[in-house]
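Values quoted throughout were computed directly from the atomic coordinates according to the rules given, and no laboratory measurement underlies them. Note that the structure is a prediction, hence the values are computed from the model and not measured. Reconstructed Cβ throughout: ideal geometry from the backbone, glycine too, with neighbour counts over all protein chains shown.
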Amino acid sequence: MRSRTTWARPPFWKVFLAFAIIYIVWGSTYLAIRVGVREFPPFLMAGLRFTSAGAAMWAWMRVTGVPAPNRREWRGALLLGTLMFLIDYACLFWAETRVPSGIAAVILAMIPVTITLLEIAFLRTQRLTARLGFGLVVGMIGVAVLMNPGASLGEAPIDPKGAVALLVSCCGWSVGTIVTKRLALPESKAMSAAAQMLCGGVQLLLLAAIAGEFAGFHPQAISRTAWFSLVYLIVFGSIIAFTAYVWLLHYESPTKVGTYAYVNPVVAVILGALLGGEAVGRRTGVGTALILAGVIVITTAKATLARRDARLDRAEEPARLTAE
């Protein structure tokens with residue numbers, strides 16, 4: 001059987017374009033959020049983004065013949081919608097009313113770190129090696145540099161409530177990532193994502209209603225720039241970039257596709273400085289470098305362990321077959 005990385009290999013330019021989309025578009029969404037929440041209530045904006053994107057993707061999947069989720073799959077999508085969209089994006093959108101977009105992206109780059117911590121401390125599905133421990137310590141030092149008012153290195157201190165909200169956002173996405181494997185979800189990744197976005201988007205709109213955001217919302221008072229940022233998040237950030245991501249997974253390894261996690265924060269910091277007027281000083285540079293170094297160490301260490309375990313399984317297979 002041929003692997004997915006060798007059959008019907010697409011032209012180089014298509015692969016390059018898909019990587020450029022997930023690198024640049026996903027990296028730019030943090031600035032788009034920052035621009036939008038200056039005028040939109042944060043929970044309402046997040047709810048509009050994911051309800052619209054989820055509905056559009058769900059409708060397209062149905063038109064192309066993809067079956068709708070069954071009741072059990074909807075329950076799984078609802079749980080992931082709560083963890084990965086309600087908790088994660090409610091905290092992110094709210095935090096960006098108080099924290100620069102580049103800093104938000106850098107702190108959210110800690111998601112691989114929080115996933116690894118959960119796997120080691122609670123699930124016992126990951127072994128704590130010296131390499132993983134080093135990556136965890138480096139990443140957490142990077143967060144401490146960004147959040148510690150005493151280590152501002154000449155920059156304005158980060159709002160502590162916004163920083164905590166971003167860490168909660170990391171935890172919501174991390175827990176959702178871990179429980180995904182235990183849930184019944186649609187076989188189609190695009191339909192699964194659409195269902196999760198819909199569930200999360202509706203919950204975000206309910207949260208906006210509870211927070212009273214509809215009462216003070218006047219669409220005619222929102223500028224064209226803010227509306228454009230919302231449309232950009234729906235069309236490019238949620239639909240086009242996710243489609244490119246799923247397409248890439250058919251032809252490239254998850255480890256290679258996952259490199260967007262290293263690139264997005266850098267793109268976000270650069271765009272925040274060039275287009276958003278966000279200050280980038282020594283603290284941001286040091287914290288970013290430490291967090292990305294920790295993430296790279298952890299992800300490459302986990303990939304190495306996974307390959308070694310796979311080799312051991314293959315080596316032990318003949319012995320198991322003989323014993324049976």
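With each label point set 7 Å from Cα along the Cα-Cβ vector, what nm distance links VAL164 and ARG124?
Going by the 7 Å Cα→Cβ label model, 3.3 nm.
In sequence order, what are the phi-derived ³J(HN,Hα) couplings for segment 265-276 according to the Karplus relation 6.51 cos²θ - 1.76 cosθ + 1.60 with θ = phi - 60°, rounded to whole Hz, with x for glycine and proline?
x, 5, 4, 5, 5, 5, 5, x, 6, 6, 9, x
For LEU249 and ARG72, FRET efficiency with R0 = 35 Å and r from the beta-carbon atoms, rounded to 0.05?
On the way: r = 24 Å, r/R0 = 0.69.
Once rounded, the FRET efficiency stands at 0.90.
Let me check against my output: what whole-number percent is the relative contact order of the chain, with C-alpha pairs under 8 Å and at least 6 apart?
Relative contact order, the chain: 40 percent.
Cα gyration tensor of segment 18-102, axes a ≥ b ≥ c as square roots of the eigenvalues: rounded (a/c below 1.5), prolate (a/b > b/c) or oblate?
The shape class here is prolate.
How large are Rg and Dmax for the chain when only the alpha carbon atoms are used, in Å?
Computed over the Cα atoms of the chain, radius of gyration and Dmax are 20.6, 74 Å.
Are there trypsin sites (Lys or Arg not before Pro) in segment 99-151 that DSSP marks as loop and that have at most 11 other Cβ atoms within 10 Å, and which are they?
ARG124, ARG127
Before anything else, pin down the relative contact order of segment 62-190: Cα pairs under 8 Å, at least 6 apart, normalised by residue count, whole percent.
Taking the mean separation of contacting Cα pairs over the length of segment 62-190, I get 49 percent.
Contour minus end-to-end for ALA221 and ALA289, with contour as 0.36 nm per residue of separation and end-to-end as the Cα-Cα distance?
Gain in length upon complete extension: 20.5 nm.
Excluding same-chain residues fewer than 8 positions from LYS181, which lysines have a Cα within less than 25 Å of its Cα?
Candidates past the 8-residue exclusion: LYS189, LYS256, LYS302.
Want the number for THR259 to ARG9: 0.36 nm per residue separation, take away the alpha-carbon distance, what's left?
88.0 nm
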